[in-house]
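The values are calculated or read from the model by the stated rules, or taken from the named source; none is laboratory data. The structure presented is a predicted model; accordingly, all values stated were derived computationally and were not measured. Cβ sites come from the backbone with ideal geometry, for glycine too, and all protein chains shown count toward neighbours. Note: areas computed on protein heavy atoms with side chains; ligands, DNA, RNA excluded. Shrake-Rupley method; radii C 1.70, N 1.55, O 1.52, S 1.80 Å.
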Amino acid sequence: MDEDGLPIVGSGIDLTKVPAIQQKRTVAFLNQFVVHTVQFLNRFSTVCEEKLSALSLRIQQIETTLNILDAKLSSIPGLEDVKFEVSSANVNSVTNGPVAQATTDQQTAVSPQSGVSN
């Protein structure tokens, strides 16, 4: 014990009397750490890949649905001149942050023009 009451800590230690750290034990701890870390990263990457795959499939389904809807709408004669106005409640509920502010600014800029054309 040193003057602070801590065991084998202090400047008055004779390092020749301190036993060496067991290399086999240190290697075992290091190997265990590496194995657990690799297992965690493998599980994490697998879960991320599954989620990305599901999301990609969902996006493809939405794109297909939008293409079908676009084809159906384009087959109706007389819809080329129709203009629509998006309410600010729908825009704010879908987007957030700076993008919502930009779309709101664009909407206010477009709204007077569409009011004149109506």
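Given region 22-77 reduced to its alpha-carbon atoms as identical point scatterers, what log10 I(q)/I(0) does the Debye formula return at q = 0.22, 0.25, 0.26 Å⁻¹?
After summing over all Cα pairs, the log10 values are -0.84, -0.91, -0.93.
Please calculate how many Å² of accessible area region 22-77 carries per residue, with a 1.4 Å probe and no DNA, RNA or ligand atoms counted.
Details: 5340 Å² over 56 residues.
About 95 Å² of surface per residue is accessible.
Rounded to a whole number, what % of the accessible area of region 22-77 do carbon and sulfur atoms account for, probe 1.4 Å? Write out the running numbers ahead of the final one.
Numbers: 3500 of 5340 Å².
Reported share for carbon and sulfur atoms: 66 percent.
Give me the distance in nm between label points sitting 7 Å out from Cα along the Cα-to-Cβ direction at S56 and T37, one decimal.
In this crude label model, S56 to T37 measures out at 2.9 nm.
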